[in-house]
Amino acid sequence: MVHVVVRLRAVLAGSVHHGSLAFAMSSQPLVLAVDLGGTKLAAGIVDDAPTLRGKAVRPTVTSDAAACLADLFACIDGLLAETQVAVQAIGVGTASMVDYARGYIVESTNLPLRDIPLRDQLQDRYGLPAAIDNDATVACIAEHRFGVARGVNDMLMLTIGTGIGGGIIARGVPYRGYSGAAAEFGHMVIDVHGPRCQGSCPNSGCLEAFVSGRALAAAARRLAAERPDSAFAAAAASGESLDGPLVTRLAQAGDGDALAVYDELGTLLGVGMTGLVNAFNPEMIVVGGAVAAAGDLLLEPARRVIAARALRPQRDQVRVVRAAFAEDAGLIGAAALAFTELLASL
Ligand SMILES: [Zn+2]
C-alpha cells in the first residue's frame with residue numbers, strides 16, 4: 001500500500017483543536033475531509049471506521065472567492081501541519097451546486113463561489129486525489145457507507161435544515177443525474193397554490209417552504225403573535241428566540257401547540273415522501289439535518305401518510321429512519337465521499 005505523505009510546514013492557523021488529536025502513523029487509510037458551509041468551515045482527518053482523528057473549525061470567509069479559498073487552504077494547511085499525518089485522498093462536501101464529474105463548484109447561494117474548479121485546485125496543491133460534491137449528497141453517502149443505511153442498496157436521504165437537501169443511492173451507488181443536480185427533493189411542489197419558494201427557485205408551494213427550520217421558526221412566530229396564552233408567547237416575552245429548536249424543545253416537553261406544529265410538518269413531509277416512494281421504490285428514506293433532531297415527532301406522522309397514500313407494494317417496503325450522523329455529519333460525509341469514490345479498492 002502506497003502512502004502519500006503530506007507534510008506541509010504551513011503556519012498554524014490557530015483554529016486546530018489541540019488535545020483532540022489521537023492519530024498515529026498507522027497503516028490504516030486516512031482521508032482529509034472538508035465541510036465547506038455557508039457559515040462554518042471544518043476540516044478533519046478521518047479513518048474508515050469512521051473516527052474523526054483531528055478537526056479544525058472556523059467561520060467561513062464569505063467576502064469574495066479568492067479570500068474564501070485562501071482561508072480554506074489555510075485551514076487545511078494548518079490541520080495537516082498540526083497532525084503531521086499521511087492522508088490518501090481529499091473529500092469535500094459543500095453547500096453549493098456541484099458538477100461532480102468536472103469537479104466544479106457551479107453556483108452557490110450562501111458562498112461567494114461560482115465556476116470554481118475546486119477539485120483540480122486541491123489535487124494540484126496537495127498532490128492527492130480529490131472529490132467534491134454537494135453536502136446533502138455526501139451526507140447520503142455517509143449514511144450508506146457508515147450509518148443507518150449500511151447494506152441498503154436503494155435509498156434516499158432528506159437533509160432538513162434551513163431548507164431541504166437530498167441524496168440518492170441507486171443499486172448501491174450515488175445517483176447524481178445528468179449534471180449532478182438531481183435529488184432536489186425540497187423543490188417538489190406539494191401545494192400548487194402555496195407560497196413563493198426562496199432563493200433562486202422560481203417555483204411556488206415547494207416542500208421546503210412547508211417543511212424546514214425556516215417553516216418551524218415561522219410557526220413559532222405566528223403562535224407567539226396569535227396566542228398570547230401560549231408557551232411561544234411566554235418564550236418570546238422572556239427573550240428566547242422563536243426558532244426551530246424552541247419548537248422541538250416545547251414539543252418534547254409535551255406542549256400541545258408545538259406538538260401540533262410537528263404533526264402538521266410531519267404530515268406534509270409524508271405527502272412529499274409519498275411521491276418519492278412511488279417514484280423511486282426505495283428500501284429506506286433517511287432523514288437528517290437539524291430538524292431531524294425531533295425524531296419520531298416528525299417521522300411518525302410522515303410514516304402514517306405514506307402508509308395511507310403511497311402505492312403498494314412500495315409503501316409496505318419502505319422504512320423511514322432518522323440519520324445516524326448529526327454533529328459531524330458534514331465531515332463524515334466528505335470522508336465517505338473520498339473513501340467511496342477515490343479509495344474504493346481499500
Ligand atoms: Zn422551490
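The values are calculated or read from the model by the stated rules, or taken from the named source; none is laboratory data. Remember, predicted model here, so these are calculated numbers, not experimental data. Heads up, the Cβs are rebuilt from the backbone with ideal geometry, glycines too, and the neighbour counts pull from every protein chain shown. Note: accessible area is taken over every heavy atom of the protein model, side chains too, but ligands, DNA and RNA are not part of it. Shrake-Rupley method; radii C 1.70, N 1.55, O 1.52, S 1.80 Å.
When shorter helices are ignored and each DSSP H run of at least 4 residues is given -39500 (n - 2.57), the per-residue value for the chain at 222 nm works out to -11500 deg cm²/dmol. With equal scatterers on the alpha carbons only and no solvent term, can you work out the Debye log10 of I(q)/I(0) for region 47-141 at 0.15, 0.23 1/Å? Ignoring solvent entirely, the Cα scatterers give -0.61, -1.46.
Computed from the C-beta positions of D229 and A326, the FRET efficiency with R₀ = 30 Å rounds to 0.35. Restricting to the chain, compute how many DSSP beta bridges are antiparallel as a %, nearest 5. Antiparallel: roughly 60 percent of the beta bridges in the chain.
Distance between the modelled labels on A101 and E264, one decimal in nanometres: 4.4 nm (7 Å Cα→Cβ projection). Can you find, among A182, A251, G266, the residue sitting farthest towards the positive end of the charge dipole of region 151-322, where Lys and Arg contribute +1 and Asp and Glu -1 at Cβ? Farthest along the dipole direction, towards plus: A182. From most to least packed by mean Cβ count within 10 Å, the peptides 188-199, 155-166, 124-135 give 155-166, 124-135, 188-199. Applying a 4.7 Å Cβ-Cβ cutoff to the chain, the cysteines left without a disulfide-compatible partner are C68, C75, C140. For the chain, the longest principal axis of the alpha carbon atoms and the long axis of helix 65-83 meet at an angle near 60°. What fraction, in whole percent, of alpha-carbon pairs in the chain exceed 26 Å separation? It works out to 51 percent of all Cα pairs. Using all pairs of distinct alpha-carbon atoms, the Kirkwood hydrodynamic radius of region 192-280 works out to 14.0 angstrom. Around the amide H of N153, modelled in the peptide plane, lies no amide H under 5 Å away from a residue 5 or more places distant or on another chain.
Just how far, in whole angstrom, is region 311-344 from region 66-103 if you go by their alpha carbon centroids? Computed from Cα coordinates, the inter-centre distance equals 22 Å.
Computed over protein heavy atoms with a 1.4 angstrom probe, the accessible surface ordering of Y262, Y178, Y100, largest first, is Y178, Y100, Y262.
Protein heavy-atom surface of the chain, 1.4 angstrom probe: 52% of the accessible area is carbon and sulfur, with nucleic acids and ligands not counted.
Taking a point 7 Å from the Cα of R196 along the Cα-to-Cβ direction, the residues of region 206-241 with backbone N closer than 17 Å to it are 206-210. Eigen-decomposition of the gyration tensor built on the alpha-carbon atoms of region 151-322 gives equivalent ellipsoid semi-axes of 30, 17, 14 angstrom, largest listed first.
If R0 equals 35 Å, the separation of the Cβ atoms of R114 and V173 corresponds to a calculated FRET efficiency of about 0.80. Relative to one another, the C-alpha centroids of region 146-171 and region 228-266 are positioned 28 Å apart. Surface analysis of region 151-322 yields an accessible area of 46 Å² per residue, using protein heavy atoms and a 1.4 Å probe. If you build a Gaussian network model of the chain, linking Cα atoms that sit under 10 Å apart, which residue out of T267, T248, T109 swings the most? With Cα springs under 10 Å in the chain, the top fluctuation among T267, T248, T109 is at T109.
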